[in-house]
Amino acid sequence: MEKLLEVKDLHVAFPSKRETVRAVDGVSFEVYQGETFGLVGESGCGKSQTLRSILGLLKQPGRITGGQILYRGADIAQMNDRALQKIRGKEISMIFQEPMTSLNPIITIGKQITSVILEHQNCSEIEARARALELMKKVGIPNAESRFDDYPFQYSGGMRQRIVIAIALSCQPKILICDEPTTALDVTIQAQILKLIKDLQKEFHYTIVFITHDLGVVANVADRVAVLYAGQVVELGTAEDIFYDPRHPYTWALLSSLPQLAQRNTKLYSITGTPPSLYNKIVGDSFAPRNPYCLKVDTLEEPPMFQVSDTHYAKTWLLDPRAPKIEPPAVVRRLREEGM
């Protein structure tokens, strides 16, 4: 498969007069043509900042302090705003997390779609309108012609997110970044939006990078998955690797926390403690204070990334040949047995 996007040792920091937040600390992964790549982890683990870096959308004072972001061989991290503007929307588009605030409240729905088309496509306003109406119908907006001149407040949350998807797809991008696109929607609408994104992928042949904190969502959409914690990738593999053969204790904890995997009459598992502060450099394994399987070395030295298989990697001392053999939790063992 063609390698579309490659993130190499990416570092993102938010400096201030007193301290610096290291939001992304050496993230690396690759995204291939036609796949759906998932980034999963708790809030504050660096998912959104990683992918905002790709489009040059970091909020001030955030900046890339190291690493490369290669899109078809060109380093996006070194591009100026003018060069990035040619990529945003046309080559790489993004569906943002909150549909209620993603649209401009004082500009009509149709105008917001056609403005993107006119910016990146060599076409007339009549052609842009026809293209916008076609997209509105494809994303499931009923009576698109009569709703074209409506304002965002006249649309429900689910319909607004459909319009955000239409805007993102208006120039047929190669990569579609989805930043938790179903977070603010109810469960029924979430399922509809996820199905819509996957159905449109089959038609438009775009590549998806999907950010979420919900491993249940990842199971439905992703081909490969990177698990992030404290600004680092701690496990990387195919969806089957992550769900049926996870190796990092943090991935075990995320799987154990899924309500749909809990057994009846048992207490739902929750991860103790909170993610570490990213103001100071972390000594040892960042997950060690919350890890019930913590080894002494976890508190002293950062683990390397161990290779489990050709497709599977995990950053934990438990994979060191000298480490004691530790069985994963019951939920993970059950998933493994049922999956095989």
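Here are some notes:
- Which numbered condition Leu176 misses (of (1) out of contact with any Leu (no Cβ under 8 Å at 6 or more places or on another chain); (2) closer than 30 Å to Pro275 by Cα; (3) of a type outside the set (S, T, N, Q)): (1)
- Of all residues in region 220-240, those satisfying the criterion of being charged (D, E, K, R), open to solvent by 10 Å² or more (accessible area, probe 1.4 Å) and either in contact with a strand residue (DSSP E or B) (Cβ under 8 Å, 6 or more places away or on another chain) or free of Cβ contacts under 8 Å to residues at least 40 places away in the same chain (or both) are Asp223, Arg224.
- Within region 36-65, the set of residues being among the hydrophobic types (A, V, I, L, M, F, W, C) and closer than 23 Å to Asn220 by Cβ comprises Phe37, Leu39, Val40, Cys45, Leu51.
- The one condition in (1) crowded, with 17+ Cβ neighbours inside 10 Å; (2) more than 14 Å from the chain's Cα centre (by Cα) that Phe29 fails to fulfil: (2)
- The residues of region 148-174 that are aliphatic (A, V, I, L, M) and over 19 Å from Val217 (Cβ atoms), listed by number, are Met159, Ile163, Ala166, Ile167, Leu169.
- Going through (1) open to solvent by 50 Å² or more (accessible area, probe 1.4 Å); (2) within 20 Å of the chain's Cα centre (by Cα) one by one, Glu42 falls short only on (1).
- Within region 244-268, the residues that satisfy the criterion of being more than 25 Å from Gly26 (Cβ to Cβ), buried (at least 16 other Cβ atoms within 10 Å of the Cβ) and either without any contact (Cβ under 8 Å) to a residue 40 or more places away in the chain or touching a Pro at 6+ places or on another chain (Cβ under 8 Å) (or both) are Ser256, Ser257.
- Residue list for region 286-302, restricted to those being of a type outside the set (Val, Ile, Thr) and either touching a residue at least 60 places away in the same chain (Cβ under 8 Å) or not in a loop (DSSP other than H, G, I, E, B) (or both): Ala288, Pro289, Arg290, Lys296, Asp298
- Residues that are more than 21 Å from the chain's Cα centre (by Cα) and not small (Gly, Ala, Ser), drawn from region 149-170: Asp149, Asp150, Tyr151, Pro152, Phe153, Gln154, Tyr155, Met159
- Of the criteria (1) free of Cβ contacts under 8 Å to residues at least 24 places away in the same chain; (2) touching a helix residue (DSSP H, G or I) at 6+ places or on another chain (Cβ under 7 Å), which one Val12 fails: (1)
- Residue list for region 145-183, restricted to those being in contact with a Pro (Cβ under 7 Å, 6 or more places away or on another chain) and buried (at least 18 other Cβ atoms within 10 Å of the Cβ): Pro152, Arg160, Gln161, Val164
- Matching residues in region 325-337 - criterion: being in contact (Cβ under 8 Å) with a residue 12 or more places away in the chain and part of a loop (DSSP other than H, G, I, E, B): Ile326, Pro328, Pro329
- Count of residues meeting criterion [more than 28 Å from Gln263 (Cα to Cα), part of a helix (DSSP H, G or I) and in contact (Cβ under 8 Å) with a residue 40 or more places away in the chain] in region 307-324: 1
- When Lys315 is tested against (1) surrounded by 12 or more Cβ atoms within 10 Å (Cβ to Cβ); (2) among the charged types (D, E, K, R); (3) more than 21 Å from the chain's Cα centre (by Cα), exactly one condition is not met: (3).
- Residue pairs meeting the criteria (Cβ under 8 Å; at least 6 apart or on separate chains; first at positive phi, in region 79-97; second open to solvent by 40 Å² or more (accessible area, probe 1.4 Å) and outside any loop (DSSP other than H, G, I, E, B)): Gly89/Glu119
- Filtered residues of region 224-265 (kept if among the charged types (D, E, K, R), more than 13 Å from the chain's Cα centre (by Cα) and over 18 Å from Gly44 (Cα atoms)): Glu240, Asp241, Asp245, Arg247, Arg264
- Scanning region 84-132 for residues that are assigned to a helix (DSSP H, G or I), among the charged types (D, E, K, R) and surrounded by 14 or more Cβ atoms within 10 Å (Cβ to Cβ) yields a count of 5.
The values are calculated or read from the model by the stated rules, or taken from the named source; none is laboratory data. Predicted model only: the values in this text are computed from it and were never measured. Quick reminder, even Gly has a Cβ in these numbers, built from the backbone with ideal geometry, and neighbours come from all protein chains shown. Heads up: the accessible areas ignore ligands, DNA and RNA and are worked out on the full protein's heavy atoms, side chains in. Shrake-Rupley method; radii C 1.70, N 1.55, O 1.52, S 1.80 Å.
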